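A quick write-up on the structure given underneath.
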There are 2 protein chains.
Amino acid sequence: MPGVKKPLFPAPQDAEAAFYEAFTKCDLDAMMAVWADDDDIYCVHPGGPRLTGVEKVRESWRQIFASGQRLTFQLREQQYLQGMMLSVHSVYEHISIAGEQRSRGPVIATNVYQRTERGWRMVVHHASPAPAGGVPVGSDPEPRRAAKTLH
Amino acid sequence: MPGVKKPLFPAPQDAEAAFYEAFTKCDLDAMMAVWADDDDIYCVHPGGPRLTGVEKVRESWRQIFASGQRLTFQLREQQYLQGMMLSVHSVYEHISIAGEQRSRGPVIATNVYQRTERGWRMVVHHASPAPAGGVPVGSDPEPRRAAKTLH
């Protein structure tokens, strides 16, 4: 869409907020405005393959939004790794579906943002289903931060 | 392990090679030498929860290596996003298990490395099972690079 002015995201958190807002609203243009215009962007939906490049990423969101399901998100246990040009966010997405009583099991997402001329934009969304209860390998209930251990 | 000198990884690729070598050899010390000594490191094994911090990450690898399964990896369709302080790698891991004829379905991994005083170290390993065949959402067989599309 040449000539369409895209919003600027001064911080990765702004891009992340816009990502989940676009997801909630099923707004494809707003969703793609969050993503960088780059061959190397990629998206892994829960249980899905890696989709690389703007065309495939856009098409996947188009299909998801076309399903008509309206989702709402609660983001928990957010963690950030901040660099000069890249910012890596990890969140637990607790997803509710309009019209369904039960919420889905949580999804773990690694979201990567890159600083561009137009502000911070998403370059990676890697999502995978988190185990629904049970005792996972090497894990007790996840605190916000693990104790610091220097080796 | 105070006083133990850890290897330096001059490039993220060196850390990545060391990661898969340690995984192949079930070498826990070598594995943990690849990871940064940081509260914020996290690891998501395929289908698993997010394990945050050195203790939980180490314990998960200890359990995996204790199982005695010897794996070999073929890495394919590698993609890199390189920043000053962070480097994001995406790979398809094609895993074979010693003693088994069939290889497992591939795993998609997002590996993030951070530049530290001791060179590049792993800070994130987020792995999820890729679909075994079938036609995934919005996807045809993944080429090495998608065509560039500027909006």
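The values are calculated or read from the model by the stated rules, or taken from the named source; none is laboratory data. Fair warning: this is a prediction, and the values are worked out from it, not measured in the lab. All Cβ positions, glycine included, derive from the backbone under ideal geometry; neighbour counts span all protein chains shown.
Descriptive notes on the structure:
- When A:Ala127 is tested against the conditions (1) modelled with pLDDT of 90 or more; (2) over 13 Å from the mean Cα position of the chain (by Cα), the lone failure is (2).
- Looking across the range A:41-67, the residues that are in a helix (DSSP H, G or I) and either aromatic (Phe, Trp, Tyr) or at the interface with chain B (Cβ under 7 Å from one of its Cβ atoms) (or both) come down to A:Val54, A:Glu55, A:Lys56, A:Glu59, A:Ser60, A:Trp61, A:Gln63, A:Phe65.
- Flag for A:Ala132 being modelled with pLDDT under 95, of a type in the set (A, V, I, L, M, F, W, C), more than 16 Å from B:Pro129 (Cα to Cα) and surrounded by fewer than 18 Cβ atoms within 10 Å (Cβ to Cβ): yes
- Hey, B:Gln114 buried (at least 19 other Cβ atoms within 10 Å of the Cβ), within 25 Å of A:Asp38 (Cβ to Cβ) and of a type in the set (S, T, N, Q) or not: yes
- With respect to being within 17 Å of A:His126 (Cα to Cα) and part of a loop (DSSP other than H, G, I, E, B), A:Gly99 falls outside the description.
- For A:Glu21, the test of being within 7 Å of another protein chain (Cβ to nearest Cβ) and out of contact with any strand residue (DSSP E or B) (no Cβ under 8 Å at 6 or more places or on another chain) is failed.
- Each residue in the range B:78-93 was checked for being buried (at least 17 other Cβ atoms within 10 Å of the Cβ) and either of a type outside the set (Ser, Thr, Tyr) or under 23 Å from A:Val107 (Cβ atoms) (or both), and 10 of them qualify.
- The residue that is nearest to A:Pro46 (Cα to Cα), counting only those in the range B:29-64 that are of a type in the set (Ser, Thr, Tyr) and over 12 Å from the mean Cα position of the chain (by Cα), is B:Thr52.
- Residue tally, condition within 13 Å of the chain's Cα centre (by Cα) and within 23 Å of B:Ile41 (Cα to Cα), over the range A:65-78: 4
- So A:Gly99, is it farther than 14 Å from B:Val88 by Cβ, surrounded by fewer than 23 Cβ atoms within 10 Å (Cβ to Cβ), out of contact with any helix residue (DSSP H, G or I) (no Cβ under 7 Å at 6 or more places or on another chain) and at pLDDT below 95: yes
- Selection of the range B:10-61 for residues being at positive phi and buried (at least 17 other Cβ atoms within 10 Å of the Cβ) yields B:Cys26, B:Gly53.
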